[in-house]
Amino acid sequence: MSGYDRVVQPAAGDDALENHLGGDEAKNYRRYEFDMVAPHVGRSMLEIGSGLGHFAEQFLPRVDRLVVSDFDPYCVERLRERFAGHGNVSVLQFALPAEVPLDEPVESVVMMNVLEHIAEDVDALRSVAKVTVPGGRIVIWVPGYMQLYGDFDRKVGHVTRYTPTTLRRTVTAAGLDIEVLKPINFLGGIAWWAAVKRGGVGYPDPRLVKIYDRTVVPLTRFIERFIRPPFGQTVFCVARVPG
């Protein structure tokens with residue numbers, strides 16, 4: 001078994017989906033993600049683990065070619081429905097670390113909360129690199145720090161949470177060069193520890209997600225304009241394929 005077939009609580013269903021902190025419940029957070037990722041994306045993009053497509057949809061005005069993908073059949077069907085009217089969007093179904101079924105390479109690959117599901121993370125990145133043009137970028141967004149690992153992580157099939165050190169080890173072992181590598185969302189890490197780890201909450205409450213999205217996310221973005229946090233809920237990496 002590998003990839004998303006390990007998940008104890010499948011990422012399927014509009015309410016149950018682990019989709020970038022809650023899909024439509026977290027518009028500020030999704031914008032935060034987008035603003036971090038978009039500067040590193042070229043004119044063609046593959047997103048791995050697209051879920052219901054909330055995040056990928058934001059890139060439609062920016063790219064000439066968009067490929068969305070997921071392992072979950074429910075998500076794949078929703079992706080086909082969501083992007084049915086867009087001729088420059090294609091939908092794939094696969095699970096890493098298997099070969100990516102893409103005929104033409106892309107300039108950019110985006111992996112939002114994907115790599116932590118895969119025990120063979122180095123092999124997964126190697127598979128992704130094969131469908132990325134030389135000099136292209138792979139953007140990796142993963143949950144940070146095992147101190148925050150709890151019941152939620154187990155339920156959604158997280159093999160691990162990363163630190164900059166462990167993610168650097170994985171990325172370099174896959175033969176990729178690192179352009180950006182840092183922890184982000186410091187306040188989110190504290191909130192996650194208090195609510196999920198310390199507080200014993202097994203799954204984020206949608207009501208708390210809304211409050212967090214409206215208050216903590218804007219404050220986090222403001223603070224991180226001026227300081228680089230030593231710790232965070234997330235580790236963010238931009239890797240480049242050599243050549």
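Descriptive notes on the structure:
- Computed over protein heavy atoms with a 1.4 Å probe, the accessible surface of the stretch 69-126 works out to 43 Å² per residue.
- Computed extension length for THR215-GLU81: 45.0 nm, one decimal, from 0.36 nm per residue of separation with the Cα-Cα distance subtracted.
- Cα gyration tensor shape of the stretch 26-155, rounded if a/c is under 1.5, else prolate or oblate by comparing a/b with b/c: rounded
- Here the 3J(HN,Hα) profile of the stretch 156-165, calculated from phi with Karplus coefficients 6.51, -1.76 and 1.60 at θ = phi - 60°, is 9, x, 6, 6, 7, 10, 9, 10, x, 5 Hz, Gly and Pro shown as x.
- Other residues lying with their Cβ under 10 Å from the Cβ of VAL109 contribute a combined charge of -1, Lys and Arg counting +1, Asp and Glu -1.
- Among GLU57, GLU116, the order of accessible area from largest down is GLU57, GLU116, computed with a 1.4 Å probe on protein heavy atoms.
- Amide H to amide H distances under 5 Å link LEU96 with TYR4, where only residues 5 or more positions off or on other chains count and H is placed in the peptide plane.
- Ranking TYR162, TYR149, TYR74 by solvent-accessible area of protein heavy atoms (1.4 Å probe, all protein chains present), from largest to smallest, gives TYR74, TYR149, TYR162.
- Which of LYS27, LYS182, LYS210, LYS130 is most accessible, then next, and so on - probe 1.4 Å: LYS130, LYS27, LYS210, LYS182
- Accessible area of THR172 in the full protein assembly, 1.4 Å probe (Å², nearest 10): 70
- For the stretch 167-180, putting each phi into the Karplus relation 6.51 cos²θ - 1.76 cosθ + 1.60 with θ = phi - 60° gives couplings of 6, 4, 4, 5, 5, 6, 5, 7, x, 9, 9, 9, 9, 9 Hz, in residue order, rounded to whole numbers and with x for Gly and Pro.
- Each 10 Å bin, from zero up to the one with the longest distance, holds this percent of the alpha carbon pairs of the stretch 149-189: 23, 42, 32, 3.
- Near LEU46, the amide H atoms lying under 5 Å from its own belong to VAL67, SER108, VAL109, VAL110; only residues 5 or more places off or on other chains count, and H is placed 1.01 Å from N.
- When the solvent-accessible area of the stretch 99-163 is split by element, carbon and sulfur atoms take up 48 percent of it, the probe being 1.4 Å.
- Proximity of backbone amide H atoms, modeled 1.01 Å from N, is registered between TYR145 and TYR162, THR163 at under 5 Å, excluding neighbours fewer than 5 places apart on the same chain.
The values are calculated or read from the model by the stated rules, or taken from the named source; none is laboratory data. These numbers were taken from a predicted model, which means no experiment stands behind them. Positions of Cβ are generated from backbone atoms using ideal geometry, with glycine treated the same way; all protein chains shown enter the neighbour counts. Remember, those area values only see protein heavy atoms, side chains included, never the ligands or the DNA or RNA. Shrake-Rupley method; radii C 1.70, N 1.55, O 1.52, S 1.80 Å.
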